[in-house]
Structures are given as C-alpha cells and as structure tokens.
1. Kindly put 189, 46 in sequence by how many other C-beta atoms sit within 10 Å of each C-beta, fewest to most.
2. Suppose the chain between residue 75 and residue 253 were pulled fully straight at 0.36 nm per residue; how much longer would it get relative to their current alpha carbon spacing?
3. Name the residues of segment 173-214 whose amide N is less than 20 Å from a point 7 angstrom out from the Cα of residue 166 along the C-beta direction?
4. Please arrange 199, 235 by counting, for each residue, the other beta carbons lying within 10 Å of its beta carbon, fewest first.
5. What FRET efficiency comes out for residue 238 versus residue 68 if R0 is 35 angstrom and r is the Cβ-Cβ distance? Round to the nearest 0.05.
6. Once label points are set 7 Å from the Cα along Cα→Cβ at both residue 157 and residue 103, what is their separation, rounded to one decimal in nm?
7. Would you calculate the separation in nanometres between label points at residue 177 and residue 197, each defined as 7 Å from the Cα along the Cα-to-beta-carbon direction?
8. Can you sort 135, 253, 174 from fewest to most other Cβ atoms within 10 Å of each residue's own Cβ?
C-alpha cells in the first residue's frame, strides 16, 4: 500500500524545506564570518570613530585560557589600532582609558601604535589614567580627562614582600642553587644583597628615564619639567591640564564634538 501526499501538502513541505535550507546557509555564513575575525579584530558597522577600551591591569599579552576579568593587553590594543587604521570607513580612533597601569612595555607599545596611526587619535581618561596607562595615552594626538580623573603617576616600581623572617620562624631553610651572580635576585625567600639592590635600582632608573623621555617627546614638553612631575604621584584633571599632561577637560560628548570638527563630519562612535 502506497501513501500519497495531497498536492497542497507537497507544496507546504517543499516550502518548509527551502526555508530550512536558507536558514542553514545563513547560519553557516554567520559562523564563518565570526570565525574569520579573531578576538583582536574589530568589525565596524555604520560608524566612523573606532572606540578601543584600555581598562584594568595592563599586560603585553593575555593567554586565551587565562582568567582576567579586568585587564587589557597591548597585543590586542595594537591590533585593534591597526585594524581601525586600515578600515577606510573609520576616520578617527578613540582610546577610552580607565586603568591604574601595569607593565611599562604595554604603555610604550600602545603609545607607539597611536603615533604611527595616519588617522586622528584621541585618548579619553575616565576615572584613572596612571603609570603605564598614561604612557599609552601620551601617544594620542589629544588627551581629554575629567577634572575628577587621576592622571599621571609617572614612575616605576618593582617592590615586593620578603618572606625570610617568616620562614625562619617556621623553621624553613632556603637552599640557594643557582649559577650566575644575580640569578636569584628578587627571590622573596632570600635577603636582597646591597649589590643586587644597586643593580635593580639601576635597571629601574633606566626604565624611568625612558618613561620620562617618551612622555616629554609625545607631549612636546621640556624634559626637565616632566622630571619634576615624575615623582610617582597622580594629579587631578585640572592640575594635569595646567601642567600639560592633558589637552582638555571633558567627557565623551566633548570628545565627539572635537572629533566632528577634526574629521569634518558628525562623529559616530563604534560601540
């Protein structure tokens, strides 16, 4: 016995098959597009200002499987700047900053990427743009901040906790097995010798000098003035403006108004 579908049912069944096929194709291409753009890429819609976030603790890179709820990497930020620079629809780049800093190389890499960009670049410091985060901001064409923002903190630290006395009380003995005079320098389970401390301070001084020189060059400030400001302390937005560390007090609305004038059309930020 054969079962035959009525013609009307056949048409409905065929229409459903076509719909399923279309949905499947759309889903396939959507997945392909998502896979094409990795996490470092920015996909822009109907906008002309690329907004890139520099938030939390700053590192040069972050492992894909590493849990980092509040951090940013220069590797990702630099790639996003490159993507924005290569996109003909993007007319300007906005670096939104809320960070107390991190590794110094991070700030330098981001600052250099901003300086290499052929498009107008703006840094907006929100609650905080300090240490390596300010280093990054200094590479922008113009820096905005609130009068309540913490700005600056130009300096370098690598202070750490020494466990030696605690270990002695607990009866623990550190057995040093290393080759190279300074190989165990900074090990928290051993005392720091004077030679080791002098060596570390010399390294910090080198990093500090590079930080100060870069800020002076990026901000077009006299290096002696930057040295006076580079005591590791941060300052509010108004003081930062008075000392030339930022260009203007304002928020995102002021930034968009400024960028509209610069690019000659209404600034629409990619969010």
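Every number here is computed from the coordinates shown, using simple stated rules; none is lab data. Keep in mind that this is a model prediction, so the values were computed, not measured. Every residue, glycine among them, receives a Cβ derived from its backbone with ideal geometry; neighbour counts consider all protein chains shown.
1. Fewest-to-most ranking of 189, 46: 46, 189.
2. Contour length minus Cα-Cα distance gives 61.2 nm.
3. 173-176, 185-193
4. 199, 235
5. On the way: r = 33 Å, r/R0 = 0.94.
In this case the efficiency is close to 0.60.
6. 2.0
7. 3.0
8. Fewest-to-most ranking of 135, 253, 174: 253, 174, 135.
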